[in-house]
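Please treat every number below as a calculation from the coordinates, not as lab data. Keep in mind that this is a model prediction, so the values were computed, not measured. Quick reminder, even Gly has a Cβ in these numbers, built from the backbone with ideal geometry, and neighbours come from all protein chains shown.
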Amino acid sequence: MSLQIPAIKDGKEDAAVAVSEAVFGQEYNEPLIHQLVVSYQAAARSGTKAQKSRSDVSGGGAKPWKQKGSGRARAGTTRGPLWRTGGVTFAASNRSYKQKLNKKMYRAAMRSIFSELLRQERLVVSDDVFPSAPKTKELTSRLEGYSDNRILIITDAVNSDLFLAARNLSKVEVCVSSSLSPVALVNSDKVIVTTSAIKLIEERLG
């Protein structure tokens, strides 16, 4: 069984593109999509924050004064957290924020996202988004009907003219089908996919 995705040509709705229901006809699984989005955003964190603990601070090997008789509090090192040149009490260290999400869960979540986009009529297929030159004005005219929307354009391969034309448009994002962002899919008001890209997506998620 197949579903039909609306196809746009020359600014007008053309014949629809048939796709598999196994990929674009799934139920909306909000917990799984949330897990995918959180995992994707967590993996983007650098985790490079670092501070020096008392073992990382240089010096402090000698006891600053004798244990008894000086009238001062006993001290074994000048690199403790109470000292001005000492280390941090609970020092932050480099860490990874990545969360495990296996391939089966990833594909199921992406199928659910695409299915919901299709149900909400936010997914269209069009091969007319490619400008003849890297001109923002030309791309804007091709996207005239979606000027007030956040648009995600998905292609099968890198097209330099399209990327250069879209980089000055704050509400337009371009990506290839092999590096899809679930965050971009969820946040987009309209997702425009080329015919070749929709077939690649169907193969990868099938």
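Here are the numbers:
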{"read-out": "25 °C / 0.890 mPa s Stokes-Einstein diffusion coefficient of the range 65-158, Kirkwood radius on C-alpha pairs, µm²/s", "value": "119 µm²/s"}
{"read-out": "Computed helical MRE - 222 nm, the chain, DSSP H runs ≥ 4 contributing -39500 (n - 2.57), nearest 500", "value": "-9000 deg cm²/dmol"}
{"read-out": "Backbone N within the range 46-81 under 11 Å of label point (7 Å from Tyr97 Cα along the Cβ vector)", "value": "46-49"}
{"read-out": "Rg and Dmax [Cα atoms of the range 124-206; Å; Rg one decimal, Dmax integer]", "value": "11.9, 37"}
{"read-out": "Proximal charge balance of Arg95 [Cβ under 12 Å; K/R count +1, D/E count -1]", "value": "+3"}
{"read-out": "Cut-off 10 Å between beta-carbons: net charge of the residues surrounding Gly86, Lys and Arg +1, Asp and Glu -1", "value": "+4"}
{"read-out": "Sum of side-chain charges, Gly60 neighbourhood, beta-carbon under 9 Å (Lys, Arg +1; Asp, Glu -1)", "value": "+2"}
{"read-out": "Rounded to 10°, Cα long-axis angle of helix 30-43 versus longest principal axis of the chain", "value": "50 degrees"}
{"read-out": "Cα Rg over Rh - the chain, Kirkwood", "value": "1.31"}
{"read-out": "For the range 46-96, the Rg and Dmax computed from alpha carbons only, in angstrom", "value": "14.1, 50"}
{"read-out": "0 to 90° range, to nearest 10: angle between helix 103-119 axis and the chain longest Cα axis", "value": "50 degrees"}
{"read-out": "For the range 45-54, Karplus couplings with θ = phi - 60° (6.51, -1.76, 1.60), whole Hz, Gly/Pro x", "value": "6, 6, x, 9, 5, 8, 10, 9, 7, 5"}
{"read-out": "Relative exposure of Val193, Val23, Val88, judged by other C-beta atoms within 10 Å (fewest first)", "value": "Val88, Val23, Val193"}
{"read-out": "Reachable lysines, given that their alpha-carbon falls under 27 Å from the alpha-carbon of Lys52 and they are not under 8 places away in the same chain", "value": "Lys63, Lys66, Lys98"}
{"read-out": "Residues whose placed amide H lies under 5 Å from that of Val193, excluding near-sequence neighbours", "value": "Val124, Val125, Ser126, Ile154"}
{"read-out": "Extension gain from Lys104 to Arg119, taking 0.36 nm per residue of separation minus the Cα-Cα distance", "value": "3.1 nm"}
{"read-out": "Förster radius 41 Å - calculated FRET efficiency between Gln67 and Ala43, Cβ distance, rounded to 0.05", "value": "0.20"}
